[in-house]
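The structure appears right after this line, and notes come after that.
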There are 2 protein chains.
Amino acid sequence: MTHYDIDTIASWDRFHRANFINSLSGFKPVSLIATIGPDGVSNLGVFSNIVHLGADPALVGFVNRPREAAPHTIRNIEAGRYYTINHIHPDFLDRAHQTSAKYPDGVSEFAAVGLGEEWKAGFPAPFVEGSPVQYGLELAEVMPIPLNGTFFVIGRILHVFVDERIVGADGLIDLYEAGSMVSLGLDAYGTAMPHARFGYAKPDRAAVRV
Amino acid sequence: MTHYDIDTIASWDRFHRANFINSLSGFKPVSLIATIGPDGVSNLGVFSNIVHLGADPALVGFVNRPREAAPHTIRNIEAGRYYTINHIHPDFLDRAHQTSAKYPDGVSEFAAVGLGEEWKAGFPAPFVEGSPVQYGLELAEVMPIPLNGTFFVIGRILHVFVDERIVGADGLIDLYEAGSMVSLGLDAYGTAMPHARFGYAKPDRAAVRV
C-alpha cells in the first residue's frame, strides 16, 4: 500500500487531484436530475453525489456544486420545488454524460443531447424518457455547506416509476436487471453484477448468505 | 412502468418500504467506518451513504442514522475527531456485513467479526486490515438533519492508502481492479465492471469515449 498524505495530494495539479479524490469515496449512484425553470426551460444534469437519507419519511439528498459552477438545477428547484431523479441505462449513457457540458442559459439539455421529456402523474417536472428507474421529489430543505460552498439538497419522494417485474416480493428493486449504472471519478461509468445477499445480522451468529 | 405514489409506499409494511426506498437511490459506495472510543474500545460499522463533497479541500460526508439506532460511530467521532473509511473487498464481505449486528457496548466489532486493526501513519484511529482503499479523516462538521433525526458528518481527508499500481497516470483510482464493492438496499452487495470513459464534455460536440 502506498501512503499519500494530504500535503502530497494538495501539491498535485487540479485535474490529477480531482480524479484521485473523486474516485476515493467509491462507485457512485449516478443519475440525471431534471427540473424546469420559471422561464419554462427544462434542465437536465448528471449527478453522482446522491444519498439515501431515510425510508420513512422517504428522503433522498444530493450535493449541488457551488452556484457559480452549477447554477441551474438548484435555482430551478428553489423556484419550482419539484424535480425528478432518473437512473442512467447504458442505452443512453453517451447522451446522459453529454448533459455535463456547459450549455448556455435558455438551452434545455433535453433537446441539446437528444433525450425525451416524459410528463406524467400531473407532476410539474419532467422525467427522462427511457430511464428504468424514475422518481419525483418535492424539495424539503437546502442545507448550505460553508466549508466549500456546496449545497446538500434534500427532497421528499412523492412518485416512483419502475417496472413492477423488477420489484421483489420483499420490495427490493433489482437494479442489476434495471441496468442502473454507477460512476467512478468524474467521467468513468460501470455496470454492477450481483455478488451476495445476507440475512439480518445478529451478534450471536456469523453472517448468513440468503 | 408501474406508478407507485407515496401514499401507496407509506401503506406498505416497514421492511417492504425500507427495501424499496433503500434501493431507489441506486448502487451505493459501501465502506467500513472505523473509530476508537474514549474508553479505548474500537468500533467498526458498515455504511453505504457516503458522498464525495469536493476535492479541494478534500471532503467526504456520510449519513449517520439517529443516535438511538446507531450511537457508537458518531459518538466516537465527536469525542476523538479522527476516523477511517475502508472499502470492502469480496474476500472479507461476510465479516464486513456482520459488523451491522448490534453488539453490546464494550465489544469491538473488529474482534467480534474477525477483522484486523491496522494502525499506521501515527493516525489515532484504526484502518481495516486487507481493505484495498483506506483513508483517514478529521471531523470537519456534524450537520444535524431535523427532518428525520439523522446526521450528515463531514470529514477532511488527511491520509490515503492505496496500491500505487492501481492509481492511473491521471490520478483516477482503478476501483474495478481494487475490487471495491457496491451495495444495494440494506443487505445486497455487488461488484462493478467497467463500461465507458469519456472526454470532457463540450456543448459544440457529442460525447467522446476515450
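Each residue of the range A:86-96 is assigned a 3J(HN,Hα), and the resulting list reads 9, 5, 9, 9, x, 4, 10, 4, 4, 5, 4 Hz, derived from the Karplus form 6.51 cos²θ - 1.76 cosθ + 1.60 (θ = phi - 60°), x at Gly and Pro.
Working note: Karplus 6.51/-1.76/1.60 with θ = phi - 60° gives the range B:50-57 the couplings 10, 9, 5, 10, x, 9, 8, x Hz, where Gly and Pro are set to x. Listed values for the range B:13-26 are Karplus-derived 3J(HN,Hα) couplings in whole Hz (6.51 cos²θ - 1.76 cosθ + 1.60, θ = phi - 60°), namely 5, 4, 6, 4, 5, 5, 4, 5, 5, 5, 8, 5, 7, x, and x replaces Gly and Pro.
Of the residues B:LEU184, A:LEU172, the one with the fewest other Cβ atoms within 10 Å heads the list, and the complete ranking is A:LEU172, B:LEU184. Legend: calculated FRET efficiency, B:ALA10 to A:GLU78, from the Cβ-Cβ distance at R0 = 35 Å, rounded to 0.05, equals 0.85. How big is the gap, in Å, between the Cα center of the range A:67-89 and the Cα center of the range A:130-193? Here the answer is 14 Å between Cα centres. In plain terms, the residue of B:ILE88, B:ILE77 with the fewest other Cβ atoms within 10 Å comes first and the most crowded comes last, giving B:ILE77, B:ILE88.
Think of the range B:6-190 as a dipole: +1 on every Lys or Arg Cβ, -1 on every Asp or Glu Cβ, centred on the Cα centre; then among B:GLY116, B:THR35, B:HIS72, B:HIS72 lies furthest on the positive end. Stretching the chain fully between B:TYR200 and B:MET143 yields a gain of 17.2 nm (0.36 nm per residue, less the alpha carbon separation).
Only Lys, Arg, Asp and Glu carry charge here, each on its Cβ (+1 for the first two, -1 for the last two); on that basis the protein assembly as shown has a dipole of about 140 debye about its Cα centre.
The other copies place their A:ASP5 label points at 5.9 nm from this one, listed shortest first, where each point is 7 Å from Cα along Cα→Cβ. The chymotrypsin sites (Phe, Trp or Tyr not before Pro) of the range A:126-210 meeting both criteria, a DSSP state outside H, G, I, E and B (loop) and at most 14 other C-beta atoms within 10 angstrom of the site's C-beta, are A:TYR200. In this assembly of identical copies, the label point of B:ARG67 (Cα plus 7 Å along Cα-to-Cβ) is separated from its counterparts by 3.4 nm, sorted shortest first.
Using a 7 Å projection from Cα along Cα-to-Cβ, the label point at A:GLY199 is separated from the same position in the remaining copies by 5.4 nm, smallest value first.
Helical runs assigned H by DSSP (4 residues or longer) give the protein assembly as shown a calculated mean residue ellipticity at 222 nm of -5000 deg cm²/dmol, each run adding -39500 (n - 2.57) before division by the residue total.
Applying 0.36 nm per residue to the separation of A:ALA169 and A:VAL208 and subtracting their alpha-carbon distance, the gain on full extension is 12.1 nm. When only the Cβ of Lys, Arg, Asp and Glu is charged (+1, +1, -1, -1), the dipole of the range A:6-190 relative to its Cα centre reaches about 480 debye. Structural descriptor for chain B: relative contact order 22 percent, calculated from alpha carbon pairs under 8 angstrom and at least 6 residues apart.
All of the numbers you see were taken from the coordinates with simple rules; none came from a lab. Since we're looking at a predicted model, the values are computed, not measured. Cβ: placed from backbone, ideal geometry, glycine included. Neighbour counts: every protein chain shown.
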